[in-house]
Amino acid sequence: MKNYPLIVLTGLLLFSTTTLAVEKTSPNPTDEVHQRMLQVVPYAVDQTVETFTETVHGGVQHVVVKSADNTQQIKLIQAHLFKIANEFRNGDFSVTERIHGADMPGLAQLKTAKPDDIKFEYKALDNGAQIHYSTEYTPFVQALHAWFDAQITEHGNETIPGHSQHHKTVAE
């Protein structure tokens, strides 16, 4: 019985070392999302900054180039965001599902929206594009916020200097 604590300690040490080894070999969900994103979006992800800013009535997604003279990437960003804004307007969230999966927070609720329940307003910017998501219906605001939180968790949320303050007003 003198060796019992030593045996238990050795067993725990081996178990925890094995667990750490298994955890380190498992792919990071964010890495998986990044890989799927590379397959889905037409622009070079590493040459852009993507942000998700929650607003009182929904949120704003920006995709902008890191280098203002990168006109090819700006055109690709604008075409992609224009396309997905139209798809979202029609209840088609398949792009989001291909990147994040069907169980992404907020997605099931967003898919129940009727055409006029949520506005998806595309806007071209000099350095990329944005989609402004807004609704007056609380369940859809909550769904948009959950969806934005999931986007931020899985993509990260870089900042565009001096940009997010104007999205915090009630008018937004």
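The values are calculated or read from the model by the stated rules, or taken from the named source; none is laboratory data. The structure presented is a predicted model; accordingly, all values stated were derived computationally and were not measured. A quick note on method: Cβ atoms are made from the backbone with ideal geometry, for glycine too, and the neighbour counts reach across all protein chains shown. What goes into the accessible areas is simple: the full protein's heavy atoms, side chains included, and nothing from ligands, DNA or RNA. Shrake-Rupley method; radii C 1.70, N 1.55, O 1.52, S 1.80 Å.
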Checklist outcome for this item: Picked from the stretch 88-109 (must be in contact with a Leu (Cβ under 9 Å, 6 or more places away or on another chain) and within 25 Å of Leu76 (Cβ to Cβ)), the residue modelled with the lowest pLDDT is His100
Item to check | Residue check for Tyr133: among the aromatic types (Phe, Trp, Tyr) and in contact with a strand residue (DSSP E or B) (Cβ under 7 Å, 6 or more places away or on another chain) | outcome: yes
Checklist entry - Among all residue pairs at least 6 apart or on different chains, which show Cβ distances below 7 Å where the first residue, located in the stretch 42-63, is under 15 Å from Glu136 (Cα atoms) and the second is among the aliphatic types (A, V, I, L, M)? => result Val56/Val170; His57/Val141; Gly58/Val141; Gly58/Leu144; Gly59/Leu144
Checklist entry - Is there any pair linking a residue in the stretch 86-112 that is in contact (Cβ under 8 Å) with a residue 60 or more places away in the chain to one that is open to solvent by 30 Å² or more (accessible area, probe 1.4 Å) and of a type outside the set (A, V, I, L, M, F, W, C), with Cβ under 6 Å and at least six apart or on different chains, and which? => result Ile99/Arg36
Item to check | Number of the condition not met by Thr153 [criteria: (1) part of a helix (DSSP H, G or I); (2) modelled with pLDDT of 90 or more; (3) of a type in the set (Ser, Thr, Tyr)] | outcome: (2)
Checklist outcome for this item: Ser164 fails exactly one of (1) over 19 Å from Ala44 (Cβ atoms); (2) open to solvent by 60 Å² or more (accessible area, probe 1.4 Å); (3) modelled with pLDDT under 95, namely (2)
Item to check | Some residue of the stretch 124-145 being modelled with pLDDT under 95, more than 12 Å from the chain's Cα centre (by Cα) and not polar (S, T, N, Q) | outcome: no
